[in-house]
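Below is one structure, written out as structure tokens; comments come after it.
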Amino acid sequence: MRPLAPQPKSLILKDLQEVKSYILGLTRGSVYAILIEVMGRYIHTKCTYVENHAEGTYTFTGPCKKTGKPYSVTIPGNELWDLNQGELLQVALKSLNADDREFAASGYSPEGWNEVFA
């Protein structure tokens with residue numbers, strides 16, 4: 001095996017990432033899928049959804065983790081697509097307010113959040 005010639009740090013990092021992916025047999029998509037299974041966003045694990053074809057939206061409904069009361073969040077289809085492709089929740093769900101993004105991520109409705117931190 002011949003020694004590596006000095007290279008820019010970013011190039012070495014890219015090569016190391018490729019080696020890790022090759023050795024482990026993982027792609028970025030498979031790593032993302034594993035993280036979702038382990039960390040799971042609340043809307044993907046504990047909610048049901050209804051698709052509105054006319055508006056191109058998905059309405060997720062599930063119980064608040066604190067209050068147990070049903071809470072719903074409506075997400076535009078293009079934003080849900082971005083989220084499912086690995087975009088950060090805060091970036092992908094740009095049309096949602098902070099309360100709705102929190103429910104999508106953790107399962108705490110605004111009422112539940114207030115009870116926890118009141």
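Taken as a whole, the structure leaves W81 outside the set of residues that are free of Cβ contacts under 8 Å to residues at least 60 places away in the same chain, crowded, with 16+ Cβ neighbours inside 10 Å and among the aromatic types (F, W, Y). Can we say T48 is at pLDDT 60 or above, surrounded by fewer than 12 Cβ atoms within 10 Å (Cβ to Cβ), within 21 Å of A105 (Cβ to Cβ) and not aliphatic (A, V, I, L, M)? In short, yes.
What do you reckon, is G68 out of contact with any Phe, Trp or Tyr (no Cβ under 6 Å at 6 or more places or on another chain), modelled with pLDDT of 95 or more, loosely packed, with under 14 Cβ neighbours inside 10 Å and of a type outside the set (A, V, I, L, M)?
yes
You will find that of T67, T74, T57, the residue that is closer than 14 Å to A105 by Cα and either of a type outside the set (G, A, S) or not assigned by TED's automatic domain parsing to the domain that holds G107 (or both) is T74 and no other.
The set of residues from region 85-112 being free of Cβ contacts under 8 Å to residues at least 24 places away in the same chain and under 16 Å from K46 (Cα atoms) comprises R101, E102.
The values are calculated or read from the model by the stated rules, or taken from the named source; none is laboratory data. As the structure is a prediction and not an experimental result, all values here were calculated from the model. Cβ: placed from backbone, ideal geometry, glycine included. Neighbour counts: every protein chain shown.
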